[in-house]
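Please treat every number below as a calculation from the coordinates, not as lab data. Here the structure is a predicted model, which means the values were calculated and not measured. Cβ coordinates were reconstructed from backbone atoms using ideal geometry, including for glycine residues, and neighbour counts include every protein chain displayed.
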Amino acid sequence: MRLVVTGGGTGGHVYPALEVAREARSRGWEVRYLGSERGQEGPACRKERLEFEAFPAEPLVSLRTPRGWRALARLLRSSLLAKRSLRRARPDFVFATGGYSAAPVLRAAQSLRIPYGLHEQNAVPGRTIRIAGPRAAFVATVFRAAEDRLPGCRVVRTGMPVRAELRRAAANRDPAKADRILVVGGSQGSVAINEVALATGARMTRPQVRWTHVCGRANFDACFHTFTNLGLPPEYELKAFLEAAEMAAEYSRARLVVGRSGAGTLSELAAFRLRSVLIPYPGAFAQHQLYNAREFEAMGAARILQQEELTPASLEAALVELSESDASAAVEELARWDLPDASARIADRIVEAAQAVAP
């Protein structure tokens, strides 16, 4: 089996694509990744020693601006380059996780009549998935709510491929040893969450209530200045960034989590059976983070605070409410929602779809 994987620009698209690529290689498939020269996929593929081919691509914006016309021109050029790459690679199947770098590869696959499958991470499908979905062999989803927003598509819920390091740690987590609140603001960190979390920590931190706060590399100096001015105790740990193994350790000892509601974060919370206070990113496309969060709130696994409602008092109240409530029902709901074998499920669908069109 020859597989081309594409998707990226941001980590939310890249990480699940890489996990599927890992699964494919474990089955002996020949795998190649096509992506943007400016996204996160290139460095990630090099780290994985996965064959990677880059082309120019950027998000499409309004054609009323010069930038929009430049992006459109790059999309057309990238589609031609992707077409040449696919002709050379002669894949049996193309798998895409969305994002702006997937669009030219999918256009090329359509023109060459190469079957493809898609993975939609969020409750609200993105532009690339909505456009390419009706012609896809399948659209794999994570959130239950996504199916109703994909009319005319062959939808199958596979779940989110979670990084292997995190999945292994989740299987060995001991909830009895969880003693802290973990604050994460996504891969880049969040200024709004950082400021309020530090102030809330000053109100709540004590030997029985420990914190680990991952603020983002770009925000660390400003956060450390605030941390020092507030006189936060040693029980409040401030970190710039965590690699996967470090993140796994922090999830393992977390009791509650404060963070955004991107699909990757929520899938990791489900893997570790962690309840959370979620602050959806207000600038997310079609408010998809809000709809992601609502699915977890409906399970009793989260409390939602809109960013405009986020204050030290509101965050403290949400954390106290969660900490004083019984977690057992929410943990059971998270266990039902989580699909640990997501990568294998997707790979199986790829095999079925490729065999269905094989001569």
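Quick look at the numbers
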item: The range 165-337 - Rg (one decimal) and Dmax (whole number), Cα, Å; result: 14.8, 44
item: Fewest-first ranking of Tyr236, Tyr291, Tyr33, using other Cβ atoms within 10 Å as the exposure measure; result: Tyr291, Tyr236, Tyr33
item: Tilt relative to the chain, helix 220-230 - C-alpha long axis, 0 to 90 degrees, to 10; result: 10 degrees
item: Contour excess over end-to-end distance, with Cα ends at Arg88 and Asn229 and 0.36 nm allotted per residue; result: 44.9 nm
item: Isolated Cys in the chain, by beta carbon distance under 4.7 Å; result: Cys45, Cys153
item: Cα-based helix-to-principal-axis angle, 263-272 vs the chain, degrees rounded to 10; result: 60 degrees
item: Ellipticity estimate at 222 nm from DSSP helix runs (n ≥ 4, -39,500 (n - 2.57)) divided over the chain, nearest 500; result: -14500 deg cm²/dmol
item: Distance between the range 7-41 and the range 145-189 - C-alpha centres, whole angstrom; result: 18 Å
item: Which of Thr228, Thr265 has the fewest Cβ neighbours within 10 Å, and the rest in rising order; result: Thr228, Thr265
item: Values of log10 I(q)/I(0), in the order q = 0.08, 0.15 Å⁻¹, for the chain under a Debye, Cα-only, solvent-free model; result: -0.40, -1.26
item: Cα centroid of the range 102-137 to Cα centroid of the range 240-316, whole Å; result: 28 Å
item: Residues of the range 19-44 with amide N under 20 Å of the 7 Å Cα→Cβ point at Arg168; result: 19-28, 44
item: For Val5, Val214, order by how many other beta-carbon atoms lie within 10 Å, fewest first; result: Val214, Val5
item: Label point at Glu324 placed 7 Å out along Cα→Cβ; residues across the range 202-228 whose backbone nitrogen lies under 20 Å; result: 202-210
item: Whole-Hz couplings from phi, Karplus 6.51/-1.76/1.60, listed for the range 92-104; x for Gly and Pro; result: 7, 7, 10, 10, 10, 9, x, x, 5, 6, 7, 4, x
item: Relative contact order of the range 165-337, defined on C-alpha pairs under 8 angstrom at six or more residues apart (%); result: 24 percent
item: Protection proxy ranking, peptides 122-135, 314-327, average beta carbon neighbours within 10 Å, highest first; result: 122-135, 314-327
item: Angle in degrees between helix 312-324 and the longest Cα principal axis of the chain, rounded to the nearest 10; result: 90 degrees
item: Long-range HN-HN contacts of Val5 with modeled amide H, under 5 Å; result: Arg32, Tyr33, Leu34, Phe95
item: Amide H contacts of Leu339 (H built 1.01 Å from N, under 5 Å, at least 5 apart or other chain); result: Met160
